[in-house]
Amino acid sequence: MRILRLLARAAACVALPSLLPFALVAATPAQERADQFLALVNSGYRALYTVSSEAQWAAATDVTLEHDAASETAGKAYAAFNGNPALINEAKELLKSRDQLSDITVRELQRVLLNAAEGPMTNPELVAARIAAETKQASILNSFPFQLQGKPITVNQIDDRLGNSTDLAERRAVWEASKESGPALRPGLVKLRDLRNGVARELGHPDYFALQVASYDMTTEEMVKLQEEFMRELRPLYLQLHTWAKYRLAEKYHQPVPKRIPAHWINNRWAQEWTGLVDAANLDDRFKGHTAEWVIKTAEQFYTGLGFRPLPASFWTKSDLYPVPAGSPRKKNTHASCWHIDLANDIRSLQSIEPNAQWFYTAHHELGHGYYFMSYTRPEVPPLLRLGANPAFHEGMGELISLASSQVPYLQSLGVLPSDYKADQTAFLLNDALANGVAFIFWSSGTMTHWEADIYAHNLPANQWNARWWSYVRDFQGVEPPSERGEEWCDAATKTHINDTPAYYYSYAFATVLKFQLHAYIAKNILHQPVQACNYANNKEVGDFLRKIMEKGGTEDWRKVLREATGEDLSTKAMVEYFQPLMTWLEEQNKGRQIGWE
Ligand code: X8Z
Ligand code: ZN
């Protein structure tokens, strides 16, 4: 979800929601004062969020100097409102009487301060410098001209070649081509590290990473510790998976078994998801007869089948869903995202959908954001709180539906798999672990989270960035580069989020754990089906369960939302249980092999 990280979150003309619970009892003077203040802030926030997201949308879907300039100007107007010192002071003042305010009012005021911290007008030069640098970085990222052997190559083509080529020399050349954007993005990222930290410190946050995890009501240390717990609990399974994968890949490429897996052996540019390793669960060919339009329409149907409304008509006219046609000079961001342009009904998605399994899951993921937006767009949720319970809940919804969309009975109901298809259960489970969950945790909780914590919270000198990146890839993921990568590279910056959604990626690890937890609840308590093979399709009770979580938006603490929905606290238990049958199988397969890479 690209919800304008820089401009973050939204505003309203929806009148005074915080008055509603108090309509029948006399409001305290503090509550009355807060209501008046928040009515103003919500409407200004929403108006400027809309202007700014429109401008950012134009810049992301058609990279031009004009669109960049408009986006920068709109970003400044947005910050001028949200970071206004009068607004900051009033929010702080009101929070001193928080015991006289409703819970939702307190949450709105806290959000006012978090939004202000993204562009505090207590230091206008710093904010202006940040917005200019963010705009420039996005522009370089979104228009980078990748080349292979001197010829232009698109990101989808890079992914296709890494997904299909069995020629290691070719794979290495493509992998190396995909890292060419790093040096172009490095200077901007070095500058942005300081600007982002400077902005965050202006309102007393220790650094930019701390500002982002404040959305979870957590500190940096708590978030990093949580991510380390995820890895600790999943490590035995990961070590088995890693071992199985490296033997499998060595066989595939006719190479000796390495200690760590060379990065270009894996289909994903960052080894974040390990797809295509399990032939019996490889569904790529099954999507060949379909169109990209079918992919996104089918994703919508998944949600309407659960009882959600169809997407607004404007979604179909205003979204940018398909790759730029060959030969078109237009440059656009190629990473999937979903946008809540006006914090009301203008919902759009930016994708480059092609009919294959990866885009099929991604389309289901993106619409998870879209349906979250739609669910909390209601008068009871003020624009300031039109957010997920936390960012990982937003990601988790899409991830959950993406997991559901990969289950065999659902694919059979669509005709992607024949109705008499006999799935090899172990193969599917193995593929899930490699491509949809376990390997991903060691990239997201490990490499991404630790590297970003280092650059923001621990001020890692820029001349150590690439070495640190690869030391994390080696240690957490057990993956190594095809050759030494010196500091002239900035391989972290080849990952979209490092540039335009900074200090956010732990949210995907959290979302992965959450998706297995929600999925287990749904399978056991609503569908009464086995967790590894169940079909959500057309089940309205599942829709009601998800809607109850989503329609709250950011009005309640995420811990409470999770406990009320599932009766549990956040835990990897469901994820470990989901893969338990696989663990036994892997141990058998890996007998006599050296496990891990140390
Ligand atoms: O960025 C995304 C989504 C957009 S919110 C496509 N994801 C992460 C990534 O691609 O790195 C989904 C899971 C991980
Ligand atoms: Zn997402």
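Across the range 304-354, what is the number of residues that are away from ligand 1 (no atom under 16 Å from the Cβ) and not aliphatic (A, V, I, L, M)?
21
Which residues, taken from the range 264-276, are within 24 Å of the chain's Cα centre (by Cα) and more than 17 Å from L403 (Cα to Cα)?
H264, I266, N267, N268, R269, W270, A271
For D420, which of the numbered conditions (1) of a type in the set (D, E, K, R); (2) away from ligand 2 (no atom under 16 Å from the Cβ); (3) open to solvent by less than 10 Å² (accessible area, probe 1.4 Å) fails to hold?
For D420, the failing item is (3).
Restricting attention to the range 249-262, and to residues there that are in a helix (DSSP H, G or I) and either within 22 Å of the chain's Cα centre (by Cα) or surrounded by fewer than 18 Cβ atoms within 10 Å (Cβ to Cβ) (or both), which single residue is farthest from ligand 1 (Cβ to nearest atom)?
Looking at residues that are in a helix (DSSP H, G or I) and either within 22 Å of the chain's Cα centre (by Cα) or surrounded by fewer than 18 Cβ atoms within 10 Å (Cβ to Cβ) (or both), I get E251.
Could you check the range 367-405 and list, in sequence order, the residues that are within 15 Å of ligand 1 (Cβ to nearest atom) and either closer than 16 Å to S215 by Cα or open to solvent by 10 Å² or more (accessible area, probe 1.4 Å) (or both)?
Result: L387, G388, N390, P391, A392, F393, H394, E395, G396, E399, S402.
I'm checking my understanding of the structure. Among residues of the range 312-340 that are within 16 Å of ligand 2 (Cβ to nearest atom) and of a type in the set (A, V, I, L, M), which one is nearest to P391 (Cα to Cα)?
By that ranking, first place goes to A336.
Kindly check whether there is at least one residue in the range 471-486 that is within 16 Å of ligand 2 (Cβ to nearest atom), modelled with pLDDT of 95 or more and open to solvent by less than 10 Å² (accessible area, probe 1.4 Å).
So far as the range 471-486 goes, no, none of its residues is within 16 Å of ligand 2 (Cβ to nearest atom), modelled with pLDDT of 95 or more and open to solvent by less than 10 Å² (accessible area, probe 1.4 Å).
Okay, residues lined up against (1) of a type in the set (V, I, T); (2) at pLDDT below 95; (3) open to solvent by less than 40 Å² (accessible area, probe 1.4 Å):
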site: G44; (1), (2), (3): no, no, yes
site: Y49; (1), (2), (3): no, no, yes
site: E54; (1), (2), (3): no, no, no
site: W57; (1), (2), (3): no, no, yes
site: T61; (1), (2), (3): yes, no, yes
site: D68; (1), (2), (3): no, no, yes
site: A77; (1), (2), (3): no, no, no
site: P85; (1), (2), (3): no, no, no
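Could you check A433 against (1) open to solvent by 30 Å² or more (accessible area, probe 1.4 Å); (2) within 16 Å of ligand 1 (Cβ to nearest atom); (3) of a type outside the set (V, I, T) and say which number it fails?
Of (1) open to solvent by 30 Å² or more (accessible area, probe 1.4 Å); (2) within 16 Å of ligand 1 (Cβ to nearest atom); (3) of a type outside the set (V, I, T), only one is false for A433: (1).
The values are calculated or read from the model by the stated rules, or taken from the named source; none is laboratory data. Treat the numbers as computed from the prediction; the structure is a model and nothing was measured. For neighbour counting, all protein chains shown are included, and Cβ atoms are generated from backbone atoms with ideal geometry for every residue, glycine included. Side chains are part of the model used for accessible areas, which takes the heavy atoms of the whole protein and leaves out ligands, DNA and RNA. Shrake-Rupley method; radii C 1.70, N 1.55, O 1.52, S 1.80 Å.
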